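Reading through the structure tokens given below for one structure.
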Amino acid sequence: MSNRKSFITGTLLGLTLAGATAVLAMPGPDRGGFGGAGRDHGVGIMRQLARVERLADQLDLTDSQREAARDAVDAAFDAARPILRELSDNRRDLRVLVREDAAEVDTVTAIAERQGDLVSELIVMRVNLRAELRGILTDEQIAQLENRIRARFEG
């Protein structure tokens, strides 16, 4: 049951960071893909914090649990921001290179490999955030969360 609790709790909490990543990766106003240079990443963060607040209300988190969850999400966003920006820049560079008639295969390969490394970093960050958020919840809150997830997917 402990592994199941960890999986379900981790999945829901991991979705918070995944959703945040998707929000931050949306096209910006001045260019497409992974947030334009002019994009206000603070808007995406505020949406994610609002989701955390709704979940906190549903699980009746204490003030200290809420603060710990906010701090964990804030830290995760701060750590993810430069990675998302580099992903955006690399994606732009790849688009430019691919459009060239004589694209250097080695250059494209190096950028593509870096993209994979950056995505791996985001995955590890999400797992770490999930573990940190899971550690904030009580067993009763984890059970509530499991029930909410089960009800959502079964009905």
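Would you point out which residue out of ARG114, ARG150 is farther than 26 Å from GLU53 by Cβ, out of contact with any strand residue (DSSP E or B) (no Cβ under 9 Å at 6 or more places or on another chain) and not small (Gly, Ala, Ser)? Don't jump to the end; show me each part of the working.
Numbers: ARG150 fails: farther than 26 Å from GLU53 by Cβ.
One residue alone meets the criteria, ARG114.
Of the conditions (1) open to solvent by less than 30 Å² (accessible area, probe 1.4 Å); (2) over 21 Å from the mean Cα position of the chain (by Cα), LEU87 satisfies every one except a single condition; which number is it?
The single condition LEU87 does not satisfy is (2).
Looking for whichever is open to solvent by 80 Å² or more (accessible area, probe 1.4 Å) and part of a helix (DSSP H, G or I) here; the options are ARG70, ARG95. Which one fits? First the steps, then the outcome.
On the way: ARG95 fails: open to solvent by 80 Å² or more (accessible area, probe 1.4 Å).
Matching residue, one of ARG70, ARG95: ARG70.
Please find, among PHE34, PHE7, the residue that is open to solvent by 50 Å² or more (accessible area, probe 1.4 Å), at pLDDT below 90, under 14 Å from the mean Cα position of the chain (by Cα) and among the aromatic types (Phe, Trp, Tyr).
Details: PHE7 fails: under 14 Å from the mean Cα position of the chain (by Cα).
Result: PHE34 is the single residue among PHE34, PHE7 that is open to solvent by 50 Å² or more (accessible area, probe 1.4 Å), at pLDDT below 90, under 14 Å from the mean Cα position of the chain (by Cα) and among the aromatic types (Phe, Trp, Tyr).
The values are calculated or read from the model by the stated rules, or taken from the named source; none is laboratory data. Quick caveat: nothing in here was measured; it's all calculated off a predicted structure. Note that each Cβ is placed from the backbone with ideal geometry, even for glycine, and that neighbours are counted across all protein chains shown. Areas reflect the complete protein model, heavy atoms only, side chains present, ligands, DNA and RNA absent. Shrake-Rupley method; radii C 1.70, N 1.55, O 1.52, S 1.80 Å.
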